[in-house]
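S.K.: Below is one structure. I have some questions about it.
The values are calculated or read from the model by the stated rules, or taken from the named source; none is laboratory data. Everything numeric here is computed off the predicted structure, so don't read it as measured data. In this analysis, Cβ positions are derived from the backbone assuming ideal geometry, glycine residues included, and neighbour counts consider all displayed protein chains. Remember, those area values only see protein heavy atoms, side chains included, never the ligands or the DNA or RNA. Shrake-Rupley method; radii C 1.70, N 1.55, O 1.52, S 1.80 Å.
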Amino acid sequence: MFDFRFYEIWREPEYIDRLLHGCLVSIELSTAGGILGMILGLVLVSAQGKSSPKLLSGFAQGYIETVRNTPFIVQLFFVAFGLPQLLHYRWSFEASALLAMTLNFSAYFAEVVRAGISSIPTGQIEAAGSLCLTKRQIFLDIVLPQALCNVYPSLTSQFVFLFLTTGLISEIGVEDLTWAGRFVADRNFRDFEVFIVLTVLYVAIVFGYKAIFNALNRYAFPWRSIR
Amino acid sequence: MFWFCRTAVKGPYRVQKGNDMSETVAAGPAVSIRSMSKWYGDFQVLKNINLTVKFGERVVICGPSGSGKSTLIRCLNRLEVHQDGDIVVNGVELTMDMKKVEAVRREVGMVFQSFNLFPHLTVLQNCVLAQRRALKRSKQEATEVAMRFLTQVRIPEQRDKFPGQLSGGQQQRVAIARALCLEPKIMLFDEPTSALDPEMVNEVLDTMVGMAKTGMTMLCVTHEMGFARQVADRVIFMDAGQIVEQNDPESFFTNPQHERTKAFLGQIL
Amino acid sequence: MSALLEPVFGPFYSNVIGTLVNATQWTIYLSLTAFIGGGLIGLLFTILKISPIGWLRKVATGYIWLFQAIPLLMLLFLIGLGIPSFFHISVAPWVAASVSLTLFTSAYMSEVWRGALESVAKGQWEGGRALGLTFGEILWFIVSPQALRIATPPTVGFMVQVIKGTSMAYIIDYNDLMRWGKKIANSQLDGAEPYIIYPMVALIYFCLCFPLSKWSKSLEKKMATRSR
Ligand SMILES: Nc1ncnc2c1ncn2[C@@H]1O[C@H](COP(=O)(O)OP(=O)(O)OP(=O)(O)O)[C@@H](O)[C@H]1O
Ligand SMILES: [Mg+2]
């Protein structure tokens, strides 16, 4: 009954090439999306600061809620098919994927970090104020590092969650890991084996990410282990 | 309850007014508060406070919980905003103007009950940060100054540890060194020893006594009466948002004038 | 329904809106199936995970780990495309979608609930045992009521994840809101451009998810103030 034929995947060097290349594309795009999303996320966080104009902070809030309460696939299709038509400007599928991932992650990032910021005790801000630091310095030197440290675990799991949905970018023609898998499955008709292999690859990449996040954690937040 | 507190302190302390600013800074009082009041919503925490502190003077503030001691001292570097009257610190009047607030904060150090060290910075970085940001000192100079004050509070060897690795007493001494690093003219203490285990209280008080000997202007909220006797020039008793009584420590402790003061001293001594 | 919308949106758009809203029911059904099915299975594995029997705990740990690790998209592919081709059987899209989302939901739910149960202080278990209560009795009468309070906000919050997750089911031809949105957006009709249709689809998803998000947040806030 169980007639596994994984060799149907390794047999063709082209299949292996495609899968490896797909891995690379997936990793590259989600890493880039993660980093850009972080930057945009920080912008969103500061736009929600107490001293920023109501309109701006309202806009940031609305943006975050919109992204968090709609599926990634809809955002992706809008960015890939809607926006170019609207702006009369075409760009590559990879660019669309990257943009969608950036926009998506930035909202989750901003939400998590904002929660982290509001959990910083007021004593920290008062102490910094009494030392004559300006509002901006207090935010950048005191509040943000501590907030990032506190929410780091949720940030990384949020990123992993995003990574696990990136397979959807194959739907707009980006040749990522999922795309490579479907390419192979369409040719050797071993869908089950192919998707098992794909799953293993995704899980392996997640492990890689987690190892990197752990190392980064120790490097970036050396004070954490002590408390 | 409030009726006998009406006797607002008149005392000999008058705000000196000079037309020449620079002279006022040099010769004027460190702190002068005139008919200052503060409300939290409808609740009046501070009622018509008048207080003048000269440079070099050491003032201990005591009083029952909720009497507004913390609020008063936090008004002096504008961690709290007063609504009525005026506060002049080191010749600068505290207003909405952030420039003035910063000018005051540069000259006023503060030590908190709960230390409020920055947990993500080492002891040394805690001391260096504000020097670099507020005084724009070079890293080397800031480090030198920091080490000088860490030595003064007797924990230079802990410089590379994080606050989480230190005992409460050590943390509070770092907090004192951190405040001193900006070389303030005035130091504010808000119950600096009440979050400490009894065996650590003395190491912090010793540091403060040492600071008093250097001639620092100090305003200290504390219930450590031994410390008050030893270093204070004046003890102020607050109740229900008012300064009820003030006197030199000897007279204050041996011959309190008001019923509330007597009751309070009876409780804590 | 289209008839009602016509005076406001015109014949074309009332037709589009009608179609999308009609398709939304399948999104809701799938979400409910996944949530209820996933909740029940998740509950089972939560209990296994904290049971006093060692090998049952291991089974639960393995299950939770496995279905959290497998991307939902891969689950859909494996069950919707892989199994039919491997076993030469046909699996209806709605079956594949329901099973995938149920497995996905159950793993995350038991993770959340286990966390809630564990955050109830150890002393509660010990106290129960001191009273001579059995594992089941302690769980039911003492720990669960406390854990329930902690677990409710994230559970409600996860419903949002489930609803968003159902949008992936279109990939194995499940006829939900996403699939109809895509069909209309691809139709090349004037007025059905992607930049009009996808925001409409997004708006419908938003209307489903946003109230749940808000509810979850307000529950969280209520809990935070109560425990203070
Ligand atoms: N942010 C605030 N909002 C409203 N009321 C406040 C606030 N902070 C303090 N209060 C009230 O103001 C009064 C004075 O508070 P304050 O902290 O100055 O007292 P304290 O004399 O320092 O007492 P303790 O010895 O307990 O520190 C108290 O009754 C307190 O409840
Ligand atoms: Mg106080």
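S.K.: Any residue in region B:189-209 that's within 12 Å of B:Val111 (Cα to Cα): show its pairings with residues that are open to solvent by 30 Å² or more (accessible area, probe 1.4 Å) and more than 16 Å from ligand 1 (Cβ to nearest atom) at Cβ separation under 9 Å, as long as the two are six or more apart or on different chains.
M.R.: B:Thr193/B:Met200; B:Thr193/B:Asn202
S.K.: What are the pairs, 6+ residues apart or on separate chains, where a residue within region B:219-237 that is of a type in the set (S, T, N, Q) has its Cβ under 9 Å from a residue that is open to solvent by 20 Å² or more (accessible area, probe 1.4 Å)?
M.R.: B:Thr222/B:Glu191; B:Thr222/B:Ser194
Every residue, every condition in (1) under 23 Å from A:Phe2 (Cα atoms); (2) free of Cβ contacts under 8 Å to residues at least 40 places away in the same chain, yes or no:
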| residue | (1), (2) |
| --- | --- |
| A:Cys149 | no, no |
| A:Tyr152 | no, no |
| A:Thr165 | no, no |
| A:Ser170 | no, yes |
| A:Val174 | no, no |
| A:Leu177 | no, no |
| A:Ala180 | no, no |
| A:Ala185 | yes, yes |
| A:Asn188 | yes, no |
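S.K.: Before we move on, is B:Phe112 facing another protein chain (nearest Cβ under 9 Å) and closer than 23 Å to B:Val204 by Cα? Walk me through it before giving the result.
M.R.: On the way: facing another protein chain (nearest Cβ under 9 Å): yes; closer than 23 Å to B:Val204 by Cα: yes.
So B:Phe112 fits the description; yes.
S.K.: Among the residues that make up region C:70-83, is at least one of them more than 13 Å from every other protein chain (Cβ to nearest Cβ) and open to solvent by less than 60 Å² (accessible area, probe 1.4 Å)? I'd like the intermediate steps shown before the answer.
M.R.: Kept after step one, since they are more than 13 Å from every other protein chain (Cβ to nearest Cβ), are these residues of region C:70-83: none.
No, there is no match, as no residue in region C:70-83 is more than 13 Å from every other protein chain (Cβ to nearest Cβ) and open to solvent by less than 60 Å² (accessible area, probe 1.4 Å).
S.K.: Something else about it: Looking at B:Val92, B:Val60, B:Val104, B:Val88, which one is touching a helix residue (DSSP H, G or I) at 6+ places or on another chain (Cβ under 9 Å) and more than 14 Å from B:Arg34 (Cα to Cα)? Lay out the reasoning, then the answer.
M.R.: Details: B:Val92 fails: more than 14 Å from B:Arg34 (Cα to Cα); B:Val104 fails: touching a helix residue (DSSP H, G or I) at 6+ places or on another chain (Cβ under 9 Å); B:Val88 fails: more than 14 Å from B:Arg34 (Cα to Cα).
Answer to the check: B:Val60.
S.K.: Condition first: in a helix (DSSP H, G or I), within 14 Å of chain C (Cβ to nearest Cβ) and among the charged types (D, E, K, R). Now tell me which residues in region A:79-135 satisfy that.
M.R.: A:Glu111, A:Arg114
S.K.: In region A:136-146, which residues are open to solvent by 10 Å² or more (accessible area, probe 1.4 Å) and at the interface with chain B (Cβ under 9 Å from one of its Cβ atoms)?
M.R.: Hits for region A:136-146 are A:Gln137, A:Asp141, A:Pro145, A:Gln146.
S.K.: Taking only region A:45-59 into account, find how many residues are in a helix (DSSP H, G or I) and either surrounded by fewer than 20 Cβ atoms within 10 Å (Cβ to Cβ) or modelled with pLDDT of 95 or more (or both). Explain how you work it out, then say what you get.
M.R.: Let us first name the residues in region A:45-59 that are in a helix (DSSP H, G or I), namely A:45-47, A:54-59.
Checking the rest, the ones that are also either surrounded by fewer than 20 Cβ atoms within 10 Å (Cβ to Cβ) or modelled with pLDDT of 95 or more (or both) come to A:46-47, A:54-59.
The total comes to 8.
S.K.: Counting only residues that are crowded, with 21+ Cβ neighbours inside 10 Å and within 14 Å of ligand 1 (Cβ to nearest atom), how many does region B:112-121 have?
M.R.: 1
S.K.: How many residues, within region B:55-102, are within 16 Å of ligand 2 (Cβ to nearest atom), at positive phi and surrounded by 16 or more Cβ atoms within 10 Å (Cβ to Cβ)?
M.R.: Result for region B:55-102: 2.
S.K.: Here's something else I'd like to know. Tally the residues that are away from ligand 2 (no atom under 16 Å from the Cβ) and in contact with a Ser or Thr (Cβ under 8 Å, 6 or more places away or on another chain), restricting the search to region B:103-131. Please lay out each step first, then the result.
M.R.: Going through region B:103-131, the residues away from ligand 2 (no atom under 16 Å from the Cβ) turn out to be B:103-109, B:117-131.
Next, from what is left, pick out any that are in contact with a Ser or Thr (Cβ under 8 Å, 6 or more places away or on another chain): B:105, B:108-109, B:124, B:128.
So the answer is 5.
So that you can scan it fast, the table gives a plain yes or no per residue for (1) closer than 26 Å to B:Gly215 by Cβ; (2) open to solvent by 20 Å² or more (accessible area, probe 1.4 Å):
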residue: B:Arg154; (1), (2): yes, yes
residue: B:Ser167; (1), (2): no, yes
residue: B:Ala177; (1), (2): yes, no
residue: B:Cys181; (1), (2): yes, no
residue: B:Pro184; (1), (2): yes, no
residue: B:Glu191; (1), (2): yes, yes
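S.K.: Within the group C:Val112, C:Val91, which residue is within 14 Å of chain A (Cβ to nearest Cβ), assigned to a loop (DSSP other than H, G, I, E, B) and touching a helix residue (DSSP H, G or I) at 6+ places or on another chain (Cβ under 7 Å)?
M.R.: Working: C:Val112 fails: assigned to a loop (DSSP other than H, G, I, E, B).
Among C:Val112, C:Val91, only C:Val91 is within 14 Å of chain A (Cβ to nearest Cβ), assigned to a loop (DSSP other than H, G, I, E, B) and touching a helix residue (DSSP H, G or I) at 6+ places or on another chain (Cβ under 7 Å).
S.K.: Determine whether A:Phe72 is at pLDDT 95 or above, within 14 Å of chain C (Cβ to nearest Cβ) and more than 30 Å from B:Ala175 (Cβ to Cβ). First the steps, then the outcome.
M.R.: Values: at pLDDT 95 or above: yes; within 14 Å of chain C (Cβ to nearest Cβ): yes; more than 30 Å from B:Ala175 (Cβ to Cβ): yes.
Yes: the conditions hold for A:Phe72.
S.K.: Among what's in region B:51-91 and is within 14 Å of chain A (Cβ to nearest Cβ) and of a type in the set (S, T, N, Q), pick the residue that is farthest from ligand 1 (Cβ to nearest atom). Reasoning before the result, please.
M.R.: First, the residues of region B:51-91 that are within 14 Å of chain A (Cβ to nearest Cβ): B:70-71, B:73-81, B:89-90.
Next, only the ones that are of a type in the set (S, T, N, Q) stay: B:70-71, B:77, B:90.
On the way: B:Ser70: 3, B:Thr71: 3, B:Asn77: 14, B:Asn90: 23 Å.
Looking at the filtered set, the residue picked out is B:Asn90.
S.K.: Sort out which residues of region C:53-67 are open to solvent by 50 Å² or more (accessible area, probe 1.4 Å), in a helix (DSSP H, G or I) and closer than 18 Å to C:Leu43 by Cβ, and write them in order of number.
M.R.: Step one: of region C:53-67, the residues open to solvent by 50 Å² or more (accessible area, probe 1.4 Å) are C:53, C:55, C:57-59, C:61, C:65-66.
Still in the running and in a helix (DSSP H, G or I): C:55, C:57-59, C:61, C:65-66.
Within region C:53-67, C:Arg57, C:Val59, C:Thr61, C:Trp65, C:Leu66 qualify.
S.K.: Also, quick follow-up: Quick one: which of B:Ala134, B:Ala142, B:Ala146 is more than 16 Å from ligand 1 (Cβ to nearest atom), within 23 Å of A:Pro222 (Cα to Cα) and touching a Leu at 6+ places or on another chain (Cβ under 7 Å)?
M.R.: Details: B:Ala134 fails: within 23 Å of A:Pro222 (Cα to Cα); B:Ala142 fails: touching a Leu at 6+ places or on another chain (Cβ under 7 Å).
None of the other options fit; the residue is B:Ala146.
S.K.: Return the total of residues in region B:194-227 being within 13 Å of ligand 2 (Cβ to nearest atom) and either of a type in the set (Asp, Glu) or open to solvent by 10 Å² or more (accessible area, probe 1.4 Å) (or both).
M.R.: So the count comes out to 3.
S.K.: Is there any pair with a first residue in region C:122-151 that is within 24 Å of C:Lys222 (Cα to Cα) and a second that is exposed (fewer than 14 other Cβ atoms within 10 Å of the Cβ) whose Cβ atoms are under 6 Å apart and which are 6 or more apart or on different chains, and what are they?
M.R.: Hits for this filter: C:Ile150/C:Ser119.
S.K.: Kindly evaluate B:Leu188 against the criterion of being aliphatic (A, V, I, L, M), within 16 Å of ligand 1 (Cβ to nearest atom) and within 12 Å of another protein chain (Cβ to nearest Cβ). It would help to see each step written out before you state the result.
M.R.: Numbers: aliphatic (A, V, I, L, M): yes; within 16 Å of ligand 1 (Cβ to nearest atom): yes; within 12 Å of another protein chain (Cβ to nearest Cβ): yes.
Answer is yes for this residue.
S.K.: While we're here: Check whether at least one residue in region A:204-218 is without any contact (Cβ under 8 Å) to a residue 24 or more places away in the chain and within 8 Å of chain C (Cβ to nearest Cβ), and report yes or no.
M.R.: no
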